[in-house]
């Protein structure tokens, strides 16, 4: 589960790597918007890590207020990142060449991550009434994992959409990502070996 969470948190880094790979095919204005959006998404990931560990910093005075402030900044940075990546997807294209599928997929994953975050918080609060059961901890860990994975993959999908269907006769960015993901999965499966 932690691997999935780590992949989600590092989604902006992977998206930035993909953007660098397709640097020449993306016009300057959408490229600049995408880079700023990915930097904000990376800041949101950093704030998520800080927010999760904030309880261990300092004493108990004001920890809850600091945690709420970090969470608010995280969601604000993520919202700005998603908006900038969406605008970068649409800028500098003819309407027929816009990659609506990557845009819709990215938004769907981001919305799913936000919904999971909200429902996970409510479920954790409801289950924390019985601290002996440990169900609140399980709900929080599961919610965080699914949330981070969905948000990270949503950012990656939006970044792929910026480069997809651009570049004339160059291979499509979306097809390259699907091929790369397939090769990565096959390499992981070969490394892991057969299941027992």
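Checking each residue in the range 164-194 for being closer than 15 Å to residue 24 by Cα, modelled with pLDDT under 75 and within 19 Å of the chain's Cα centre (by Cα) picks out only 173.
Where helices (runs of 4 or more DSSP H) fall wholly inside the range 23-135, the ranges with 3 or more residues that are within 21 Å of residue 7 (Cα to Cα) and modelled with pLDDT under 80 are 28-53. For the criterion of being under 17 Å from the mean Cα position of the chain (by Cα), assigned to a helix (DSSP H, G or I), at pLDDT below 90 and within 18 Å of residue 161 (Cβ to Cβ), residue 14 passes.
Using the structure shown, decide if residue 161 is at pLDDT 80 or above and either surrounded by fewer than 19 Cβ atoms within 10 Å (Cβ to Cβ) or part of a helix (DSSP H, G or I) (or both). Yes, satisfied.
Each residue in the range 7-29 was checked for being within 17 Å of residue 83 (Cβ to Cβ) and surrounded by fewer than 21 Cβ atoms within 10 Å (Cβ to Cβ), and 1 of them qualify.
Results for (1) within 19 Å of residue 33 (Cβ to Cβ); (2) touching a strand residue (DSSP E or B) at 6+ places or on another chain (Cβ under 8 Å); (3) without any contact (Cβ under 8 Å) to a residue 12 or more places away in the chain; (4) surrounded by fewer than 16 Cβ atoms within 10 Å (Cβ to Cβ), shown as yes or no for each residue.
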residue: 80; (1), (2), (3), (4): yes, no, no, no
residue: 95; (1), (2), (3), (4): yes, no, yes, yes
residue: 108; (1), (2), (3), (4): no, no, no, yes
residue: 131; (1), (2), (3), (4): no, no, yes, yes
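The values are calculated or read from the model by the stated rules, or taken from the named source; none is laboratory data. All values derive from a computational prediction rather than experimental measurement. Here the Cβ is made from the backbone with ideal geometry for all residues, glycine too, and neighbour counts use every protein chain on show.
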